[in-house]
Amino acid sequence: MRCQQCDKQAMFHITELETGEVREVHLCEDHARSYLNQSEGASQPSESPGPLGVAQTAEELSELDQKVCEMCGITFFEFRNQGRLGCPHDYVQFEQELEPLIANIHGAVEHTGRRPQRAAGSELPESTESLTRVIGLRKGIREAVEQEEYERAGTLRDEINQVLDNWHAEQQTADGTDSSQPSESPSSS
Amino acid sequence: MIKLDSLTNSIGEWLKGTGPESDIVMSSRVRLARNLAQYPFVGRASDQERGEVQQFLRSRLLQLPSRLSLDYVDVGGLGELDRQFLVERQLISREHAEAAGSRGVAIDTHEQLSLMINEEDHLRIQCVHSGLDLESVWRQISAVDDEIETVVPYAFHSRWGYLTACPTNVGTGIRVSVMLHLPALVITRQIDKVFRSLHKISLAVRGLYGEGSQAFGDFYQISNQTTLGKTEQELIAQVADVVPVLIDYERRARDFLVRETEQNIHDQVSRAYGILRTAQTITAEETMQLLSRVRMGVLLGLLDDVDVSDVNLLLVRTQPAHLQKLRGVELDTKDRNIERARFLRNYFETGSAEAN
């Protein structure tokens, strides 16, 4: 059985009992989650949040939909349609837009669990954003090659290797191991 | 390359039927969702990038410092039957089996660990133990995760935690689940009430192999729904704390059935056993349902010539892909049902699967 709201397999078969009326709902995991979260607050109907958990006008929504991730190129509209983000940078690029949505799903907006373990004494990186830049650089190479700007493509390739080398060097000083990692070859673009 | 056929003859961790509380708790499972920082998420990656992710992760997983003994299966290169077989063993998800493009899974020899590459996230690590054993599952999986993290740059953000393709998994990326066999709660019609109260404390419930219909054979998975704002230990406790309550309900319901309706329940169990031993054609769904009844009957001492381990073994071996692999031929649904009935009859007659 398919989910009533998308093409996925329905995993949840919810039977609603409302004032003597029985209603069955069949949903995939994600839609069931938002469905159940919604129905939690259904007893206070007045301020029902939009799909993103914030009150939005059509204009605001369409403006928001135009936002594009600098790294992977996904628009917020595409994300809303698919329910899947494009790359790790989306969490930075769309931070403001995602916040109410995440608050709605998890009831929290701050990670308190485990963090990357680095060897004692080394600085814990704030995030892996520097490495995620590589995604945008690869996109840049593809565009440069399309426009036959091979010199620019080469510069970007060097930049990627620099980023990857930096990460790798950091990794080695952090745990003292030598897991030699090949840098990106030109063929892999 | 792993020999999938050798798995056919083993039972797999989750159906071993051992471990604490294994009369009710089938298995305990934890999975972690992780992504590489330097690639787009799977859904947005090009074929080339997906191939690179697979290669990158595969080479690192197979050379972990601890020399974890993993076999790698190129899921994209498998036929439909083999993919279905891995789903039935719960080593890969249905989505992973049905997706397209470069993807794979690394499996340890005990079938406790499975690491899916290019599922919804670049890496999904799963660890399963028999019975109620979440603490040791967590110890094992977090050690593996730590080790992978020394050689793989996981996408991480100081505020959002581990970054995942779907915001529903962000933060810890953890899903903790316990699979329970709850036939007495189903028979006494208390199961819906139990589920409603679980939803209220934001736990999810789903059936085993929930193939479009209600849970087969009274097997249910209880898992956490949120992944952000709580630590992994807190999320594990959220599931672990409710399990003893459910075990207690189920035990009380089983006691009630024996005490108040003994003839009736004995009759139901015996009839289920009778059908399994004599049917000429039988579907996977009906088999599961009847095996569930028989399993409960054995545990209640109502059937003494069957062992729980037989029932567990039959639960997996009568699944469509397992049946076909045991027979060594692909069969359509009609022939599968005939073959399944024959397999069951022989099993109960001779007391072993080998005689088939």
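Bear in mind that the values in this text are calculations on the coordinates, not laboratory data. Keep in mind that what you see is a predicted model, and the values were worked out from it rather than measured. Cβ atoms come from the backbone with ideal geometry, glycine included; neighbour counts cover every protein chain shown.
A few remarks follow.
- Around the amide H of B:G161, modelled in the peptide plane, lie the amide H atoms of A:H111, all under 5 Å away and 5 or more residues distant in sequence or on another chain.
- The Cα trace of the stretch B:81-166 gives Rg and Dmax of 13.9, 43 Å, the first to one decimal, the second as a whole number.
- Packing-based ranking, highest mean first, of A:160-167, A:1-8, B:328-335, B:125-132 given that Cβ atoms within 10 Å are counted: B:125-132, A:160-167, A:1-8, B:328-335
- When each of B:K16/B:K325; A:K67/A:K139; A:K8/B:K16 is checked by Cα-Cα distance, pairs over 24 Å: A:K8/B:K16
- A Förster distance of 45 Å, applied to the separation of the beta-carbon atoms of B:E330 and B:E135, puts the FRET efficiency at 0.60.
- The distance between label points at A:V145 and B:L62 comes to 2.6 nm (points 7 Å beyond Cα on the Cα→Cβ vector).
- Shape metrics for the stretch B:156-199, restricted to C-alpha atoms - Rg then Dmax, Å: 16.8, 48
- For chain B, the C-alpha radius of gyration sits at 1.02 times the compact-globule guess of 2.2 N^0.38 Å, with N the residue count.
- Along the stretch B:231-236 the Karplus relation, 6.51 cos²θ - 1.76 cosθ + 1.60 evaluated at θ = phi - 60°, assigns HN-Hα couplings of 7, 4, 4, 5, 5, 5 Hz to successive residues, with x for each Gly and Pro.
- In this rough spin-label picture, where each label sits 7 Å from Cα along the Cβ direction, the B:F348-B:D305 distance is 1.0 nm.
- Peptide B:165-178 has a mean shielding of 5, counted as Cβ atoms of other protein chains within 10 Å of each residue's Cβ.
- Projecting label points 7 angstrom from Cα along Cα→Cβ for A:E99 and B:E98 puts them 3.8 nm apart.
- Estimated translational D of the stretch B:238-356 in µm²/s (Stokes, Kirkwood radius over Cα pairs; 20 °C; 1.002 mPa s): 139
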